[in-house]
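What follows is one structure encoded as structure tokens, with my remarks underneath.
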Amino acid sequence: MRAAETEAARRGCTDMIVSTYSFQAPGFYPRLGYRERARIQGVPGGHEDVCFHKRLSAAEV
């Protein structure tokens, strides 16, 4: 994930947006500095699509 952030910053991106399902890895992204921004209900099986955002810092550029 860090490599993806570094490459995104190198290409001029200022933000990263990722999503995962509630049954996959929603606890993974906050440990990397991502903030939960939305939960979209209606995923089959009673799950949710969880969306995260992170502002890339100058250190990643």
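The residues of the range 1-31 that are among the β-branched types (Val, Ile, Thr) and more than 11 Å from Cys51 (Cβ to Cβ), listed by number, are Thr6, Thr14. For the range 29-51, filtering for residues that are within 14 Å of Glu5 (Cβ to Cβ) and either surrounded by 12 or more Cβ atoms within 10 Å (Cβ to Cβ) or touching an Asp or Glu at 6+ places or on another chain (Cβ under 8 Å) (or both) leaves 4. For the range 7-44, filtered to residues that are in a helix (DSSP H, G or I) and within 14 Å of the chain's Cα centre (by Cα), the residue that is nearest to Leu56 (Cα to Cα) is Ala8. With respect to the conditions (1) surrounded by 11 or more Cβ atoms within 10 Å (Cβ to Cβ); (2) at pLDDT below 95, Lys54 falls short on a single one, namely (2). Pairs meeting the criteria (first residue in the range 31-57 and free of Cβ contacts under 8 Å to residues at least 24 places away in the same chain, second residue in a loop (DSSP other than H, G, I, E, B) and among the aromatic types (Phe, Trp, Tyr), beta carbons under 9 Å, at least 6 apart or on different chains) are Tyr34/Phe28; Arg35/Tyr29; Glu36/Tyr29; Val43/Phe23; Gly45/Phe23.
Filtered by the rule that a residue be charged (D, E, K, R) and loosely packed, with under 15 Cβ neighbours inside 10 Å, the range 1-28 gives Arg2, Glu7, Arg10, Arg11, Asp15.
The values are calculated or read from the model by the stated rules, or taken from the named source; none is laboratory data. All of these numbers come straight from a predicted model, not from anything done at the bench. Counting neighbours? That spans all protein chains shown, and the Cβs are built from the backbone with ideal geometry, glycine included.
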